[in-house]
Amino acid sequence: MKITFVTSNHHKAYEAAGILEGLAEVEHVPLECPEIRHESVAEVAKGKAAFAYAALGRPVITDDTGFFVTALNGFPGSCAAYVQKTIGNSGILQLLSDKPDRSAWFETGIAYADADGVSVFVGRIEGTVVSPKGTMGFGYDPIFAVEGKTLAEMSAEEKNAVSHRGRGLRALREWILQR
């Protein structure tokens, strides 16, 4: 089985290929998809998947990830990519400088589209915002810790085992196996 992961982020396609290995060959296509604004990452991913399938005409995966910081009332939420691009990790840390609560979570919506429609799988991981540590990963990984270790301190295998995207992709994998 071949699935096209439509994303501008090649790191995500690499993670998906690792999790879906043995079940599906993952092809990366950086197709620009319109992105609806919605609080739900699942809804954003679903809209992108419908567009990508219509454009490419073959099974596709899209995703959307939100980074939700409790002390910031869930900000940046589903606008995580934009916030990462504009203020980055240093901006998030500055916003939290006087906040004792550093709890946060990541949530990823993984959408799969084919001729039968669009199905969405959500993965979530709880953690803490910390000072930057580690050199692996991308985005918020250096400032997001799970059980004392940032995602940027984990190998790809360790990260896939615990991450929000990994959880969503494993749910997709199980669904494909049961079809």
Return, for the Cα atoms of the chain, the radius of gyration and Dmax in Å, separated by a comma.
15.9, 50
Just want to confirm a number: the relative contact order over the chain, from Cα pairs under 8 angstrom separated by 6+ residues, in percent.
20 percent
Filter on Lys48/Lys99; Lys46/Lys99; Lys2/Lys46; Lys2/Lys133 - keep pairs with C-alpha separation over 31 Å:
Lys48/Lys99; Lys46/Lys99; Lys2/Lys133
As a check on your grasp of the helix formula, calculate [θ] at 222 nm for the chain: sum -39500 (n - 2.57) over DSSP H runs of n ≥ 4, divide by the residue count, round to the nearest 500.
-10500 deg cm²/dmol
For region 14-108, just the Cα set please: Rg and Dmax, both in angstrom.
15.9, 50
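FYI, it's all coordinate maths here, none of it is from the lab. Computed from a predicted structure; not experimentally measured.
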